[in-house]
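Undergrad: Before I ask anything, let me first share the structure, which is written out below as structure tokens.
The values are calculated or read from the model by the stated rules, or taken from the named source; none is laboratory data. Computed from a predicted structure; not experimentally measured. Every residue, glycine among them, receives a Cβ derived from its backbone with ideal geometry; neighbour counts consider all protein chains shown.
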Amino acid sequence: MTVEVNYCSSCGAKMETREIDGTPRRACTECSFVHWGSYSVGVGALVVKEGKVLLVRRAQEPGKGYWTNPGGYAEQLEQIEETVRREVLEECGVDAVVRGVVALRDLPRAVHNVYIAFSMDYAGGEPTPDNVEVDAAGFYSLEDMQQMNVAPFTKWLVDVALNAAGGPGLRIDQEPIVSLPGCGLFRG
Ligand SMILES: [Zn+2]
């Protein structure tokens, strides 16, 4: 599916379709702007405490009524580990700190979405729903979840969180061997 982009988001001139590096793309007729595509980055928190996973119940569409792990979308100018920490705190009042990246979901569609799941250490706070985005929150065991309307993707993530046989995943590189200002770095 191609979304038609009619005007340049850089200069406002008309866009046209022309072949760039062998692929037809929407490009500006006046400046060098090329619409490469539409992308979004989701961030999700997997906070485990005493074998139970932090879940929230969605109060809004999409997915209203489903239990999911807390999360949101990357912001333009915020490091993703800060975004995910903030989302957890805002949605359900739990303070948690990123340990590493443990899973990734790729979903190419009209807006190509990449979802990054973080393992996070519980640091404090009782799960309390914000009553805007979510209307219930808590730590739940697999047994608890059998009686709950857990979203399919969340089931997959819960399995990752509880059975991470692949090891700790990618960790934040606190002392990279070279200086890369502005970059968040994760490595195995
Ligand atoms: Zn332009």
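Undergrad: If only one of G63, G51 is assigned by TED's automatic domain parsing to the domain that holds V150 and either closer than 16 Å to I172 by Cβ or surrounded by 13 or more Cβ atoms within 10 Å (Cβ to Cβ) (or both), which one is it?
TA: G63
Undergrad: Of the numbered conditions (1) part of a strand (DSSP E or B); (2) modelled with pLDDT of 95 or more; (3) more than 16 Å from the ligand (Cβ to nearest atom), P24 satisfies every one except a single condition; which is it?
TA: (2)
Undergrad: Has the range 34-50 got any residue that is in a loop (DSSP other than H, G, I, E, B) and either within 16 Å of the ligand (Cβ to nearest atom) or of a type in the set (A, V, I, L, M, F, W, C) (or both)?
TA: yes
Undergrad: Among residues belonging to the range 8-21 that are in a strand (DSSP E or B) and in contact with a Cys (Cβ under 9 Å, 6 or more places away or on another chain), point out the one that is farthest from N113 (Cα to Cα).
TA: Among those that are in a strand (DSSP E or B) and in contact with a Cys (Cβ under 9 Å, 6 or more places away or on another chain), it is K14.
Undergrad: With (1) more than 16 Å from the ligand (Cβ to nearest atom); (2) assigned to a loop (DSSP other than H, G, I, E, B) as the list, and E30 as the residue in question, which single condition is left unmet?
TA: (1)
Undergrad: Being touching a strand residue (DSSP E or B) at 6+ places or on another chain (Cβ under 8 Å) and more than 13 Å from the ligand (Cβ to nearest atom) is the filter here, so list the residues in the range 1-17 that pass it.
TA: Those that are touching a strand residue (DSSP E or B) at 6+ places or on another chain (Cβ under 8 Å) and more than 13 Å from the ligand (Cβ to nearest atom): E4, T17.
Undergrad: To continue, here is another question. Conditions first: (1) touching a Cys at 6+ places or on another chain (Cβ under 8 Å); (2) among the hydrophobic types (A, V, I, L, M, F, W, C); (3) away from the ligand (no atom under 16 Å from the Cβ). C92 passes all but one, so which condition is the exception?
TA: It fails just one condition, (1).
Undergrad: Just name the residue that is modelled with the lowest pLDDT out of those in the range 145-165 that are in a loop (DSSP other than H, G, I, E, B) and either among the aliphatic types (A, V, I, L, M) or in contact with a Ser or Thr (Cβ under 7 Å, 6 or more places away or on another chain) (or both).
TA: A165
Undergrad: Within the range 87-133, which residues are within 25 Å of L170 (Cα to Cα), in a loop (DSSP other than H, G, I, E, B) and hydrophobic (A, V, I, L, M, F, W, C)?
TA: V94
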